[in-house]
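Data block below; observations after.
Rule-based calculations on the coordinates, nothing more; no lab input. Not measured: the values here are computed from a predicted model. Here the Cβ positions follow ideal geometry from the backbone for every residue, glycine too, while neighbour counts run over all protein chains shown.
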Protein chains: 4
Amino acid sequence: MSESVVITDRDNALFEAGIKLGALYHQFTGSPINLGTVDSLEQAISQSISVQPFVEDITVLIDRDMVRSNLNDEFGYCELEGRMLDVRICILYGDVRVRVALEYDSELEYPLMRIESVE
Amino acid sequence: MSESVVITDRDNALFEAGIKLGALYHQFTGSPINLGTVDSLEQAISQSISVQPFVEDITVLIDRDMVRSNLNDEFGYCELEGRMLDVRICILYGDVRVRVALEYDSELEYPLMRIESVE
Amino acid sequence: MSESVVITDRDNALFEAGIKLGALYHQFTGSPINLGTVDSLEQAISQSISVQPFVEDITVLIDRDMVRSNLNDEFGYCELEGRMLDVRICILYGDVRVRVALEYDSELEYPLMRIESVE
Amino acid sequence: MSESVVITDRDNALFEAGIKLGALYHQFTGSPINLGTVDSLEQAISQSISVQPFVEDITVLIDRDMVRSNLNDEFGYCELEGRMLDVRICILYGDVRVRVALEYDSELEYPLMRIESVE
C-alpha cells in the first residue's frame, strides 16, 4: 500500500533545482540574438535566475557555433533555442547541495536536464 | 568531506516535478485572458504540460475572481498572473510517484510551489 | 527637414496589428505540443489574442506535418516553433480595417509577418 | 465599397514597430529581478530587440521604484511586469522613421503602447 512519506531537504533541493531549469528555459528561449548580443543575454539569464530562492550558483553558456549557423541569411539574427544552452545550477536547501545541468544531448537530439550530484 | 551520492528515482521524480512547474509558470503567465477565454487557456496549459516526460496527471485552475478583479476597465482583459494559478501535477518516475502543487500563498503574497506527497 | 506628421487611424491600425503578432509569437512559441494537443493550443492562442484591443478576427493554424516531423523520438513531443504557425489577424481601428499574417517563408527560411491588406 | 490599397513604407514601419513592442513585452515580462539585476536585464532586452529587422534605436528602462515596492518580503525578488517598462523604439523602414513607446499609463492602469511620431 502506498503511503505518503516525510519530505526531506534533499527532496526540496531537487524540486527547487527543477523549478529553476524549467523557468529559465521557458522564460528566455525565443529571445532574438546574434553574436554581438549573446554576452548580454547570458549575463541577464544568469542574474535573473540567481535571484530566485535557494540558488547558490549558476553559469549560463550559449553555444556560439549554433548561434552562428542559425543566423538567418536575410536578417542576420536567430532565436535562442534550448539546444544552444549549457546551464549549471547549484541549489542549497538546508544542508543539502545539489548540482543540476541543462545540456544538449546530440544522441537524443534533446536539451536534456539532469541531476549531476547530491551532496 | 562532502561526497556525491547515488541518485535515486525519488530524486529524479522531484527534479522532474520542479521542471514542469517552472516551465508552466514561465511559458504561460503573461497570456491575455478574460472570463470568456479562461477555459480554453486552462485546457491548453494542462494539455501542453501533460506531453512532457513523466507527467501522469495534471489539473490547472485559473482563479476567476482574480481574473474578474484584474480586468482593465478600458480594455476588458488582463494577463494571466502566477497568483491566479492553482496547479496540481502528479509525476511518475520509475516506481516513485510525487504530487506537487502551485498555489497562491496569501500570507507570503507569493505563488508558492511545494511538494505535497512522495509515494 | 523631417517633421512629425499627424497620426492616422491607418497608422494605429497597423501598429496594433504588429503588436498582436509580436505578442502572440513570443508568448506561445516554446509551448510543448504533440498531435493530440495541437487543437487545444490553437484554440487557446486564438482566444487569448482575440481579447486584446482592436482585434476583429483571428485564425491560428499550427502545421501538423511540422509537428509530426519534429516530435522527439525518445519523448514523443516537440515545442511550438514560429515556423509552424499560420496566423491571420484582422484589426479594426476607427474605420480602418487591416489584415496581417504570420506565415513561414520557406525561401527566406523565416516566419514572416506581413501586411495583407488595408481597407 | 472597401478595396485594398497600396501598402506603403509608412504602413510597414508602423507594423514593424508594433511587432517589436509586442515581442519585447511577451518575451521578457515574467523574468525574475531585483535591484541588483535590473541593469543586466535592461541591457539584454535592449540588445535582444535591437537585432530584429528595421530597429534603428531602442532604449529600455525598468522602473526601480516599482521593482523595490514589488520585492517579495520573504524571498527578496519580484517579476518584471509590463507596467515597470519604459521603452522607446525607433524604426526605419525605407525612408520612413517612426518612434513608438511603451509606458505605464497610471490613469488607464495600463502599460500603453503608442505611436510618438512619424517622419
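Observations on the structure shown:
- Here's how it looks for C:LEU80: its modeled amide H is under 5 Å from those of C:GLY30, C:SER31, C:ILE33, which are all 5 or more places away or on a different chain.
- Cα pair count fraction exceeding 15 Å, expressed as % - the range B:32-74: 48
- Calculated label separations, A:GLY76, copies of the chain, 7 Å along the beta-carbon direction, nm: 4.2, 4.4, 4.6
- Put simply, when D:52-65, D:19-32, C:39-52 are sorted by average Cβ atoms within 10 angstrom per residue, most first, you get D:19-32, C:39-52, D:52-65.
- Distances between equivalent label points of A:ASP65 across the copies, with each point positioned 7 Å along Cα→Cβ, amount to 3.2, 5.1, 5.6 nm, shortest listed first.
- When D:VAL67, C:VAL96, B:VAL6 are sorted by how many other C-beta atoms sit within 10 angstrom of their C-beta, beginning with the fewest, the order is B:VAL6, C:VAL96, D:VAL67.
- Backbone HN-Hα couplings from phi across the range C:74-88 [Karplus 6.51/-1.76/1.60, Hz, Gly and Pro as x]: 7, 10, x, 8, 9, 10, 5, 10, x, 5, 7, 8, 10, 10, 10
- Efficiency of FRET from Cβ geometry, B:PHE75 and A:MET66, R₀ 60 Å, rounded to 0.05: 0.90
- Computed 3J(HN,Hα) for the range B:92-97, one whole-Hz value per residue from the Karplus formula 6.51 cos²θ - 1.76 cosθ + 1.60 where θ = phi - 60°, is 10, 10, x, 9, 9, 10, glycine and proline marked x.
- Förster radius 22 Å - calculated FRET efficiency between D:GLU56 and A:ASP39 (Cβ-Cβ, nearest 0.05): 0.50
- Take D:GLY36, move 7 Å from Cα toward the beta carbon, and the resulting point lies 3.2, 4.5, 4.7 nm from the same point in each other copy, nearest first.
- Under the Karplus curve 6.51 cos²θ - 1.76 cosθ + 1.60, θ = phi - 60°, whole-Hz ³J(HN,Hα) for the range A:18-26, x wherever Gly or Pro sits: x, 3, 5, 5, x, 5, 4, 4, 7
- Charged-residue dipole, Cβ positions (Lys, Arg, Asp, Glu), the range A:9-118 about Cα centre, Debye nearest 20: 260
- Across every direction, the projection of the convex hull enclosing the Cα atoms of chain C has a mean area of 9.2 nm².
- Take the Cα radius of gyration of the protein assembly as shown and divide it by 2.2 N^0.38 Å, N being the number of residues; the result is 0.96.
- Amide H contacts of A:ARG97 (H built 1.01 Å from N, in plane; Pro and chain starts excluded): A:GLU119 sit under 5 Å, all sequence-distant by 5 or more or on other chains.
- Averaged over peptide A:112-119, the number of partner chain Cβ atoms lying within 10 Å of each residue's Cβ comes to 5.
- Rotation relating C and A, chain A residue nearest the axis via C-beta, angstrom: A:GLY30, 3
- Folded to 0 to 90 degrees: helix B:38-50 orientation relative to chain B principal axis, Cα: 20
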